[in-house]
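So the structure is just underneath, and the comments pick up after that.
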Amino acid sequence: MKSKEVRFETEVIHSGYSSERFEGSLTPPLFQTSTFTFDTAEQGERRFAGVEDGYIYSRLGNPTVKMLEERIAVIEKGEAALAFSSGMAAVSAIVVALTKTGDHILCSQGIYGCTFGFLQLLKEKYEISHDFSLMNSKEVLEDAILPNTTCIYIETPINPTMKLVDLQMVAEVARQKGIPVVVDNTFCSPYLQQPLLHGCDVVIHSATKYICGHGDVIAGLAIGNQDFIKRVAMTTQKDIGGIISPFDAWLLLRGLKTLPVRMDRHCDNANRLYSFLKNHPKVEDLHFPGDEGHPDYSIMKKQMKRPGGLISFSIKGTKETAQAFMNKLNLIKIAVSLGDAETLIQHPATMTHAVVPNEERERMGIHDTLLRLSVGLEAWEDIQADIEQALEKI
Ligand code: LCS
């Protein structure tokens, strides 16, 4: 069965795997091995020389990992993919592959704290500079691109402010200038948004989140065209070495099977909680792309299947009021990460984005009272009841 002929919900279960090749095993087998034996010394020589296909050593490729890479390439509508030991391993391998000393990276006005930290490191150690742009019109974007810009790096929705970037618009401008566009699609998963279909060049995931879905793996993925992905595999991935373990790849293959079902429920629950929070007198500054009043609502309609499972909002008051609210929650857990079955809440200014200097954080819209809720899969009535009782106590 060619995956092209089937729908997304079928691809997440079947693509990248045929049981006939593995004794009929319904579930993809776990190749928990570091190395592979050669029949002869000459065969080893041929494999190292790249003139014969076959596995060598799991940092250079592993059958379980390959199944995951093939599946994610199909569902992100890319030619090829690579799996990494973390989202940050994917981010760093891709950004390093696209830049050298003297180059410039243009970023959306807001990125995950550790991505910010990594760009800071590139600037300080290797003189690779970066800027942030609202990218809210062609003109704004064109003005922000410099002659030495070699990479446009976008999160949409942006963590944690939930602002969006118009992917098609950015891809059109970038294409004219020959600059690759990298999109961190972690907040959407390929079920809600497929940036390559909008003309972007590379997609990154922290697979730790919705792709895994069960809070038990740290992993990353990158998807793009065959040539680029091969180049990354043989350079920044192979030599820096941030590869995924076969067991984690196996868990992700399992998690992916339920991605559409989980995402729909995350979205249903988030929609309901958004309606509740919108009308609550102790809540303000609510950010949810499904809100018709959200400044980027039309972009959401254009490029996202549904508004997603994340909401950010402030509790009226101070940072201490926000923290007091968190401390009163029972069912909802105080934790970073997102996309798990459990509803999680975190305080970006002191947690995920604590490394971003105050001034930059304010510019990104991450105020001291802002909270980010990753809406889980529990009964929405129970999540709402927990929020309600905590709000009553502050
Ligand atoms: N990209 C985005 C948008 C993220 O949110 C994260 C992690 C990463 C990349 C890095 O992925 P990792 O290496 O952790 O797999 N975001 C986190 C967050 O918001 N809370 O905890 C981690």
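Observations on the structure shown:
- Solvent exposure of segment 260-392 as accessible area per residue, Å², 1.4 Å probe: 42
- Lys, Arg +1 and Asp, Glu -1 on Cβ, resulting dipole of the chain about Cα centre, debye, nearest 20: 180
- For segment 290-346, GluC sites (Glu not before Pro) are listed when DSSP marks them as loop and at most 12 other Cβ atoms sit within 10 Å of their Cβ; the list is Glu292.
- Across the chain, C-alpha contacts under 8 Å between residues 6 or more apart give a mean separation that, scaled by the residue count, equals a relative contact order of 17 percent.
- Per residue, segment 8-256 exposes 42 Å² of solvent-accessible protein surface, assessed with a 1.4 angstrom probe and all protein chains in place.
- FRET efficiency for the Ile13 to Asn330 pair, using the beta carbon distance and R₀ = 51 Å, is estimated at 0.90.
- Cα-derived Rg over Rh, computed across segment 224-336 with Rh taken as Kirkwood radius: 1.10
- Among Ser85, Val95, Gly110 - extreme Cα towards positive end, dipole of segment 34-132, charges at beta-carbon: Gly110
- In order along segment 176-193, the Karplus-derived 3J(HN,Hα) couplings, from 6.51 cos²θ - 1.76 cosθ + 1.60 at θ = phi - 60°, round to 4, 9, x, 9, x, 10, 10, 10, 7, 9, 4, 5, 9, 6, x, 5, 9, 7 Hz, and Gly and Pro are given as x.
- What the phi angles of segment 49-62 give under the Karplus curve with 6.51, -1.76 and 1.60, with θ = phi - 60°, is a coupling list of 6, x, 9, 10, 5, x, 7, 10, 6, 5, 5, 9, x, 8 Hz, glycine and proline written as x.
- Surface composition of segment 343-394: carbon plus sulfur atoms hold 51% of the accessible area, using a 1.4 angstrom probe and ignoring ligands, DNA and RNA.
- Within the chain, antiparallel bridges make up roughly 55 percent of the DSSP beta bridges whose residues both belong there.
- Volume per residue that the Cα convex hull of segment 112-174 spans, once the total is divided by residue count, Å³: 77
- Candidate lysines for bridging to Lys257, where Cα separation is under 18 Å - those fewer than 8 sequence places away on the same chain excluded: Lys2, Lys4, Lys66, Lys77, Lys209
- Hydrodynamic radius (Kirkwood) for segment 260-392, which is based on Cα pairs only, to one decimal in Å: 15.1
- Take 139-149, 87-97 and order them by the average number of nearby Cβ atoms within 10 Å per residue, most first; the result is 87-97, 139-149.
- Each label was represented as a point 7 Å from its Cα along the Cα-to-Cβ direction; for Ile240 and Asp382 these points are 4.0 nm apart.
- Straightening the chain between Glu172 and Lys138 buys 11.3 nm, computed as 0.36 nm per residue apart minus the Cα-Cα spacing.
- The convex hull around the C-alpha trace of the chain, projected and averaged over every direction, spans 20.2 square nanometres.
The values are calculated or read from the model by the stated rules, or taken from the named source; none is laboratory data. Quick caveat, the model's predicted, so the values are computed rather than measured. As a convention, Cβ positions derive from the backbone with ideal geometry for all residues, glycine included, and neighbour counts pool all protein chains shown. For the accessible areas, the whole protein counts, side chains as well, though only heavy atoms, and no ligand, DNA or RNA atoms are used. Shrake-Rupley method; radii C 1.70, N 1.55, O 1.52, S 1.80 Å.
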